[in-house]
Amino acid sequence: MTMARPLKALTPERSPRDRFGARLRDLRVRKRLSQNALARLIRHSPEIVGAVERAERWPTQELARRCDDVLGAGGELLNLWPVVDKMREASDGRRRRVRRARSQ
């Protein structure tokens, strides 16, 4: 019998991306699914599921929709996604400005 590793503490109050990841994990754990099992059901890799839960990767709208469906979240993750996407867009814009400034 394989023992699961302890879950890394999450900080949902840090950002919308962290809140999304923490909520995804909470819903997954309540359904008693491993990251591997959820990944199979939503047709993504376990690495992506884990990175989204830890707020190390931006979730896509499609990932939010699939997780909502599989986890029976009633649209909760999909409703969190627009705020996360705005944060991603702002982050991408800052990175582009920094790259431009460095190249000048």
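The values are calculated or read from the model by the stated rules, or taken from the named source; none is laboratory data. Values in this document were obtained by computation on a predicted structure and should not be read as measured data. Backbone-built Cβ (ideal geometry, glycine too); neighbour counts: all protein chains shown.
Computed values, structure above
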| item | result |
| --- | --- |
| Any pair with Cβ under 6 angstrom, 6 or more apart, that starts in region 16-44 at a residue that is in contact (Cβ under 8 Å) with a residue 40 or more places away in the chain and closer than 15 Å to Asp85 by Cβ and ends at one that is outside any helix (DSSP H, G or I) and small (Gly, Ala, Ser) | Arg17/Ala55 |
| Top-ranked residue in region 73-95 [being within 15 Å of the chain's Cα centre (by Cα) and not in a helix (DSSP H, G or I); ranked as surrounded by the fewest Cβ atoms within 10 Å (Cβ to Cβ)] | Gly75 |
| Filter result for Leu63 (over 9 Å from the mean Cα position of the chain (by Cα) and either under 25 Å from Asp92 (Cα atoms) or part of a loop (DSSP other than H, G, I, E, B) (or both)) | no |
| Count - residues of region 64-73 that are free of Cβ contacts under 8 Å to residues at least 40 places away in the same chain and in contact with a helix residue (DSSP H, G or I) (Cβ under 7 Å, 6 or more places away or on another chain) | 4 |
| Failed condition for Arg14, given (1) more than 20 Å from Asn79 (Cα to Cα); (2) assigned to a loop (DSSP other than H, G, I, E, B) | (1) |
| Members of region 44-64 that are surrounded by fewer than 21 Cβ atoms within 10 Å (Cβ to Cβ) and more than 15 Å from Gly75 (Cα to Cα) | His44, Ser45, Pro46, Glu47, Ile48, Gly50, Ala51, Arg54, Glu56, Arg57, Trp58 |
| Filter result for the condition that a residue is surrounded by 18 or more Cβ atoms within 10 Å (Cβ to Cβ) and on the phi < 0 side of the Ramachandran plot, over Leu10, Leu41, Leu33 | Leu10 |
| Residue in region 41-51 that is farther than 25 Å from Ala9 by Cβ and part of a helix (DSSP H, G or I) present | yes |
| Some residue of region 1-20 being touching a Pro at 6+ places or on another chain (Cβ under 8 Å), at pLDDT 95 or above and within 12 Å of Val70 (Cα to Cα) | no |
